[in-house]
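Here is the structure we will look at, set down as structure tokens.
No value in this document is a laboratory result; all are computed from the given coordinates. Here the structure is a predicted model, which is why all the values come from computation and not from measurement. Ideal geometry is used to build each Cβ from the backbone, glycine not excepted, and the neighbour counts take in all protein chains shown.
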Amino acid sequence: MTVEQDVSGQHVFVGLLGATQRALAHRLAVAQAEGRAPSVVAAVVRDGHTVWQGARSSVAGQGPDGDVQYRIGSITKTFTAVLILRLRDEGLLSLEDALEKHLPGTGAGEVTIAQLLSHTAGLAAETPGEWWERSPGALRPELADVLGGEPFRHVPGRRFHYSNPGFTLLGSLVEAVRGCSWEQALRAEVLEPLGLRRTTVQPVKPHAAGWAVHPWADVMLPEPLEDLGLMAPAGVLWSTAQDLARFAVFLSRGDERVLCAESVAEMRAHVAPPEGGVVESGYGLGLQLWSVGGRAMTGHSGSLPGFMAGLWACEADDVAAVVLANCTSGLPAATVAADLVRIVAEAEPRIPEPWRPAAGLDAALLELTGPWYWGTAAYLLKVLPAGGLELGPVAAGGRASQFRAEADGSWTGLNGYYAGETLRAVRRPDGSLSHLDLGSFVFSRLPYDPQVPIPGGVDPLGWR
């Protein structure tokens with residue numbers, strides 16, 4: 001590991017410690033051996049840079065590198081979601097629009113775009129007929145062939161139910177609004193701006209071959225390579241560890257050429273709880289959410305016959321990992337990727353930025369800080385480093401939320417119980433601060449302050 005100094009004299013750590021690199025290499029080696037994968041390749045990103053790459057292969061001296069393509073399966077869905085969010089940001093659609101508004105005649109037009117992105121549209125998990133991942137896309141030439149005569153399994157909006165056909169509809173929506181193919185839009189709007197030159201619809205050498213490994217014997221069977229047709233937006237892409245490492249950085253930080261940081265953060269926000277019994281702890285907009293050992297991660301898993309893939313990022317630790325393998329089952333790529341994130345985060349914890357006093361803090365904002373009372377419950381209001389507010393209970397178990405400033409002087413809740421609610425500072429005629437109004441709740445400087453308009457009034461005899 002190299003230690004450098006930036007212009008402010010702070011230490012900057014480039015690369016990983018030798019012990020950390022060995023731990024990563026050991027985890028990957030164990031995964032390949034126990035998973036009996038023909039090959040596996042991985043990359044770790046920290047602070048926006050690839051700091052480690054590793055590979056293992058069953059062929060001596062022929063391990064893959066970060067430029068070898070593997071099929072990434074459902075990680076493709078995240079790329080499709082980025083295209084949809086771009087359309088939203090351009091004002092060409094709303095996530096609350098019914099699909100029918102932009103893509104009529106599907107037979108599933110009552111669902112919203114947001115429901116499709118979050119797998120809450122109630123659609124079937126798979127297509128009717130033959131297993132779509134292992135059969136030609138020509139068998140499903142129209143959306144009606146993808147959805148079938150009875151596309152719904154649940155009432156739209158009621159529950160999370162993972163749906164591959166749902167992302168086919170989103171891909172067709174991109175084509176309808178853009179007036180070009182999904183692949184053309186993806187190439188021009190996402191892959192080229194982010195420099196993902198080795199992410200393609202069809203494999204481009206060097207690429208791994210897809211294999212099925214016998215469950216009870218050490219022999220292999222080649223998997224067929226099919227053109228997925230209309231199902232492409234759900235899982236067609238090929239990519240490399242290097243390209244997906246760059247994509248992981250984008251998913252953490254955004255890129256104004258593709259999606260701003262705020263829109264990418266919206267993708268990472270929790271929308272849907274998991275289906276009972278599945279690993280994921282939730283789903284955002286085209287991104288899976290997973291809590292592993294108390295560490296919140298976002299990303300996506302992927303698989304197609306012959307391939308398994310995993311991409312996970314931990315925003316708090318600013319670490320991401322990618323794992324790609326060419327086997328149908330056996331090597332849990334998503335779990336291994338999460339382990340690589342954990343290894344780095346635990347072995348080399350993120351060093352926080354040095355504390356610095358805030359510059360130009362408004363006196364009126366400073367006046368809001370300190371203790372407040374909702375009834376008899378004590379709360380603290382603090383100014384966040386980025387300029388927002390945080391309201392939280394003094395004791396454990398209360399409601400906590402962060403707030404952003406609005407142009408009219410109010411504040412809007414960003415998370416927790418008060419997400420979307422309005423916080424206002426109410427002043428007396430002489431300009432002095434009276435109380436806070438938060439969605440009709442009155443917060444006063446004293447418990448049940450008689451000088452504040454407490455709903456229901458305050459007993460004139462006072463405390464006794």
What order, most packed first, do the peptides 354-367, 195-208, 234-247, 113-126 have when packing is the mean number of other Cβ atoms within 10 Å of each residue?
234-247, 113-126, 195-208, 354-367
Cα gyration tensor shape for the stretch 77-229, rounded if a/c is under 1.5, else prolate or oblate
oblate
Mind pulling the angle between the C-alpha long axis of helix 241-253 and the longest principal axis of the chain? Nearest 10 degrees, somewhere in 0 to 90.
20
Within the chain, what percent of beta bridges assigned by DSSP are antiparallel, to the nearest 5?
95
Applying a 10 Å radius around every beta-carbon, put 73-82, 431-440 in order of their mean neighbour count, most first.
73-82, 431-440
Show that you can apply the helix-only estimate: for the chain, add -39,500 (n - 2.57) for every DSSP H stretch of four or more residues, divide by all residues, and state [θ] at 222 nm to the nearest 500.
-7000 deg cm²/dmol
What is the helix-to-structure angle for 75-89, meaning the angle in degrees between its Cα long axis and the longest Cα principal axis of the chain, kept from 0 to 90 and rounded to the nearest 10?
50
Using the alpha-carbon centroid of each, what span in Å lies between the stretch 343-361 and the stretch 248-266?
21
Anisotropy class of the stretch 147-297 from Cα gyration tensor, a/c 1.5 cut:
rounded
Please arrange D227, D318 by counting, for each residue, the other beta carbons lying within 10 Å of its beta carbon, fewest first.
D227, D318
Return a whole-number percent for the relative contact order of the chain, with Cα pairs under 8 Å and 6 or more residues apart as the contact set.
15
Going by alpha carbons, how many degrees (0 to 90, nearest 10) lie between the helix axis of 333-347 and the longest principal axis of the chain?
50
Please order F250, F441, F167 by the number of other Cβ within 10 Å, starting at the fewest.
F441, F250, F167
Filtered hits (lysines, Cα-Cα < 27 Å from K77, offset >= 8 within chain) -> K101, K205
Only counting other Cβ atoms within 10 Å, I'd like I72, I343, I84 sorted with the fewest neighbours first.
I343, I84, I72
Give the separation of the Cα centroids, the stretch 20-92 to the stretch 142-174, in Å.
28
Average projection area in nm² (convex hull over Cα atoms of the stretch 363-443, one quarter of hull surface)
5.5
